[in-house]
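One structure below.
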Amino acid sequence: MKGLPADLKTLIVSPQSAKGWSAERWSRAVYLAQSGGVLSRVAIDLAAAGGRAELIPGLEGSLLSAERNGAQSQVRLSWEMDRIKRVFWDRDLKIVLLKGAAYLAAGIPCTRGRLSSDIDILVAKDELANVEQALLDAGWMSAKEKQGEESGGYDDEYYRRWMHEIPPLVNNERNTVIDVHHTILPPTGRVTADAVELLGQAVPVESELRERQGYYVLCDADMFLHSVVHLFQDGEIRGGLRDLVDQTEMIGHFGERADFWDRLIARAEVMGLGRPLFYSLRYASALLDAPVPDSALKASQRFGPPLPVRLLMDMLVPRALAPVYLFESNHGADIAGELLYIRSHWLRMPPLMLARHLAIKAWRRIGGEKTA
Amino acid sequence: MLDVSTLWHVPEPDSLVWRSFDSYSLLFNERSGNTHVLDPLSREILDLLQEAPRDETSLVRELTSLLEGQDPEALAGAVHEALKAFDTAGLIFPAYHS
Amino acid sequence: MQENRAQVTRDLNRGKLKFKVGPFVARIGTSYPLLQRDFLDIYGGYPLAGPDEFAHFNLKVDPVSLLRRWFKPKVIADGGFIASPFVPLPGDLSILALEMGLNWQVGTKSDQYLIYHSGVVARDTGPDEGQPSRAVLMAGESGAGKSTLTAGLAYSGWRLFSDEFALMDTDDLLLYPYPRPISLKNQSINVMVERLGEEVFSRPFLNTIKGTIRYLKVPAESLRQGHRPAQLDLVVFPNYVEGSPGHIEEFVGAEAFAMLRGASVNSDRLGRPAFDAISELVGRCRFYGLQYGSLDMAIKMVEDLMEETR
């Protein structure tokens, strides 16, 4: 299997050994880290390793810039948690933080230098309408309306009916986006996750910080599986290096806990997420040296695809995940990304619905309307 | 529900960084990353809330006795506006226990 | 880079051209001959960067497709971003794609500096590098005459630091030069060509979204001293009003803070360091609003105010 560019991997996995590099080499590696969305994290790790300012002239400026971006992103995310808490402060409502907000609240180390300030929450399905209304009353609005488009219509209905969230809302003043989910998988997918079970297993956040208290996060196995689903089933793999880094960190963080691996495998089985879990463990360990125990790798084998598919994925996934230097050719990555994109759509919807979805999009294009 | 008897407090006052210029105060909130400019009355209100949680009614009462000779109605209006602005900016939060 | 045009063109073709702009090194590639010529014309005086220098920014400007290289040419800048902010431009305006591409990268990825959207010029107090130069920062809304005043001062004995972005180190509060060609628009072009002569200008670029643009080249001395920082002493907000006899108004305290903060591009992204820097500057610098009726009047106002704040 083709790996990540060696210097990029070094920066992510063992930044302390990035010493004695030439300016040319640093220029390329920093570019790749920036493209892969991990430069802020790398900057923080290089500082922790010591001697960052002395590496080569001119480099420190770019690293400091990236470090400040990462810190700012975390401040914004944390503040958004405070503001959302203000909306629901007097209601008895179980809010489960997902993705970046959850990593921050639960203290998963992948939160350092993580750039997204968008926030994702999960609530019970019968609370969804109330939550949406409360946010709309408190200064959030439909993201599309904010961009000057009319809300409602086909895209809106598509979201509500087939996807696992209401259309994204944007805060009017801060421009931050919130996605409110009621499960972590689209109900139309061939595999579904039991939302009641997810909420039931969620654990309260333990923190000294006010803005984090009162929230919940998914239990460790579910938190990991959610990231896995997002990368290997739900979305595009292209540009997803950051997600694989998150998974690698979670493997290190949760992996020491008693029975984590048994619970993870069992949970993936129950939720029908074996296949994406297989991919995650396979590529996180192969590309980023994630410390997955042999027993877990072996146990996940039974979720693997037939050999030809596996060989194809082994070829496509590393190409789609690895950024390419601007001054080097990148045809392989484009084609790999394209093929994987088609695959993710196919997984997300039963074939007939996919046809309907594509047909409506195509129809709208003929009509000259904007596509979503 | 928020009314004149809602108790307000200033969460984590240590994260507020102050600078004073003439009669105005500049305030940087490290939790939000936002900068605010406060006139003397707003500054006084925030100082009082920082000292101990208070509701709107008692703020108006205290400030009326502090600023003798001010039109009480105008003062009540100013306090109400200031609380609204502080709440929107996230500088104050309803106190859970009254 | 002027001395070796053939080599520069080869390096542009291969995406290997590295040159210095103030504290930054930019690596550029383009295979489009017209852009190569315009680039050499405008950036010919800039120092090249050696192989042992780190490249802060990477940018490619190329035709959008093979076909559009020859027919109704269209080019686009590429900085390798997942969601690219760049739009295609007609081939004749390809230098604008490069300018915008570089500005966008500097404006969004240089948060090691507190950046102001403003012009800056400075006076050296002596040839000794140990003595800090003294700078004036010109901020305010676009169209108020910022660029014209910056250009006027840059060609009357001041060192050009920036027309677009002022870069400030948040530790020592020194400004660093970021000398870029000054883009002059429409009527201001004639005023400045009359004053400075044709040879310091690029060819005209017609039908841009802002009308006609010509780039005023950076004075050679400003490029030679491109590494020397300056201390900020004076902040002005110029405003051209036709027929004005001139009017100066001082800003202090919270008002000065608000105005300078309003001129900054990235104080929200920096947070505390920006707040500390700007409040420190309010106590240290003088702030004035300038209403002026002619370029010479404005230049005299700035020179007099600088004399007074000594």
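The values are calculated or read from the model by the stated rules, or taken from the named source; none is laboratory data. None of these values were measured; they are calculated from a predicted model. Cβ: placed from backbone, ideal geometry, glycine included. Neighbour counts: every protein chain shown. Surface areas here come from the heavy atoms of the whole protein model, side chains and all, with no ligands, DNA or RNA. Shrake-Rupley method; radii C 1.70, N 1.55, O 1.52, S 1.80 Å.
Once Rg and the Kirkwood radius are both taken over the C-alpha atoms of segment C:2-109, their ratio Rg/Rh works out to 0.95. Here chain C carries DSSP beta bridges of which approximately 70% are antiparallel, counting only pairs with both residues inside. Computed over protein heavy atoms with a 1.4 Å probe, the carbon and sulfur contribution to the accessible area of the protein assembly as shown reaches 53%. For the protein assembly as shown, the Cβ-based charge dipole about the Cα centre amounts to some 3880 debye (Lys, Arg positive; Asp, Glu negative; other atoms uncharged).
What's the whole-number percent of alpha carbon pairs in chain C lying beyond 38 angstrom? Summing the P(r) of chain C above 38 Å gives 13 percent of all pairs. For the residues of B:19-31, the average number of beta carbons from a partner chain within 10 Å of their own beta carbon is 5. Name the residue from B:His36, C:Thr212, B:Tyr24 whose Cα lies farthest towards the positive end of the charge dipole of the protein assembly as shown, charges +1 on Cβ of Lys and Arg and -1 on Cβ of Asp and Glu. Projecting each Cα onto the dipole axis, the largest value belongs to C:Thr212. Buried accessible surface for the C/A pair, both sides summed and rounded to the nearest 100, is 2000 Å² with a 1.4 Å probe. Of the trypsin sites (Lys or Arg not before Pro) in segment C:132-219, the ones in a loop by DSSP (not H, G, I, E or B) with at most 15 other beta carbons within 10 Å are C:Lys210. Gaussian network model of chain C, Cα springs within a sub-10 Å range: biggest mean-square fluctuation belongs to which of C:Leu35, C:Leu270, C:Leu67? Of C:Leu35, C:Leu270, C:Leu67, the most mobile in the Gaussian network model is C:Leu67. Local charge for A:Asp259 was computed over the other residues whose Cβ lies under 14 Å away, with Lys and Arg +1 and Asp and Glu -1, and equals 0. Here is the link list: C:Lys20/C:Lys74; C:Lys146/C:Lys185; A:Lys9/C:Lys20; A:Lys99/A:Lys125; C:Lys185/C:Lys217. Which ones come out longer than 23 Å on Cα distance? Flagged as over cut-off: C:Lys20/C:Lys74; A:Lys9/C:Lys20. A Gaussian network model of chain C, with springs between Cα atoms under 10 Å, assigns the largest mean-square fluctuation among C:Ser188, C:Ser264, C:Ser162 to C:Ser188.
The B-A contact accounts for approximately 1400 Å² of buried accessible area, totalled over both chains at a 1.4 Å probe radius.
A run of chain B free of exposed loop cleavage sites, with GluC sites (Glu not before Pro) counted only in DSSP states other than H, G, I, E and B and at most 16 other beta carbons within 10 Å, reaches its longest extent at B:31-67. With contacts taken as Cα pairs under 8 Å at a separation of at least 6 residues, chain B carries a relative contact order of 35 percent. A:Thr111 contributes about 20 Å² of solvent-accessible surface, heavy atoms of the protein only, 1.4 Å probe. Think of chain C as having a plus end and a minus end, set by charges on the Cβ of Lys, Arg, Asp and Glu; of C:Ser84, C:Ser110, C:Ala154, C:Ser84 sits farthest toward the positive end of this dipole.
Ellipsoid semi-axes for the protein assembly as shown, based on the Cα gyration tensor and the rule √(5λ), read 46, 39, 24 Å when sorted largest first. Within the straight-line cut-off of under 20 Å between alpha carbons, the aspartates and glutamates reachable from C:Lys18 are A:Glu24, A:Glu60, A:Glu328, C:Glu3, C:Asp38, C:Asp41, C:Asp52, C:Glu53, C:Asp62, C:Asp78, C:Glu99, sequence neighbours fewer than 8 places apart in one chain being disregarded. In segment A:72-87, comparing the full protein assembly with the chain on its own, the residues that lose 20 Å² or more of accessible surface at a 1.4 Å probe are A:Gln72, A:Val75, A:Trp79, A:Arg83, A:Lys85, A:Arg86. Phi angles of segment C:187-195 translate, via the Karplus equation with coefficients 6.51, -1.76, 1.60 and θ = phi - 60°, into HN-Hα couplings of 4, 5, 4, 4, 3, 7, 5, 4, 7 Hz per residue; Gly and Pro are given as x.
Would you kindly work out the equivalent ellipsoid of segment B:1-81 from its C-alpha gyration tensor and give its semi-axes, the square roots of five times the eigenvalues, largest first in whole Å?
Here the semi-axes work out to 23, 17, 10 Å.
Taking all protein chains together and rolling a 1.4 Å probe, B:Trp18 ends up with roughly 60 Å² accessible. The value of relative contact order for segment C:2-109, using C-alpha pairs under 8 Å at least six residues apart, is 21 percent.
Solvent-accessible surface of protein heavy atoms, probed at 1.4 angstrom with all chains present, puts C:Trp158, A:Trp89, A:Trp261 in the order A:Trp89, A:Trp261, C:Trp158, largest first.
Normalised by the number of residues in chain C, what is the relative contact order in percent for Cα pairs under 8 Å and 6+ residues apart? If you can, show how the numbers build up before the last one.
Values: 603 pairs, mean separation 49.2, N = 310.
Once normalised by length, the contact order is 16 percent.
When each full DSSP H helix of chain B is screened for a Cα extent of at least 20 Å along its own axis and an average Kyte-Doolittle hydropathy of at least -1.0, the helices passing are B:72-89.
Mean-square fluctuations from a GNM of chain C, with a 10 angstrom spring cutoff on Cα atoms, peak among C:Gly243, C:Gly107, C:Gly283 at C:Gly243. A cut-off of 5 Å between modelled amide H atoms, ignoring neighbours fewer than 5 places along the same chain, links B:His9 with B:Phe93, B:Ala95. Projecting the Cα atoms of C:Phe275, C:His247, A:Gly272 onto the charge dipole of the protein assembly as shown, computed from C-beta unit charges around the Cα centre, puts A:Gly272 farthest toward the positive end. Solvent exposure of segment A:232-309, expressed per residue, is 41 Å² of accessible area, with all protein chains present and a 1.4 angstrom probe. Give me the percent of DSSP beta bridges within the protein assembly as shown that run antiparallel, rounded to the nearest 5. Percent antiparallel among DSSP bridges in the protein assembly as shown is about 75. Heavy-atom accessible area for C:Tyr240, with the other protein chains in place and a 1.4 Å probe, reaches approximately 110 Å². Of the residues C:Ser142, B:Ser58, C:Ser133, C:Ser84, the one with the largest accessible area comes first in the ranking C:Ser142, C:Ser84, B:Ser58, C:Ser133, computed with a 1.4 Å probe on protein heavy atoms. Sorting C:Ser118, A:Ser22 on solvent-accessible area from highest to lowest, probe radius 1.4 Å, gives A:Ser22, C:Ser118.
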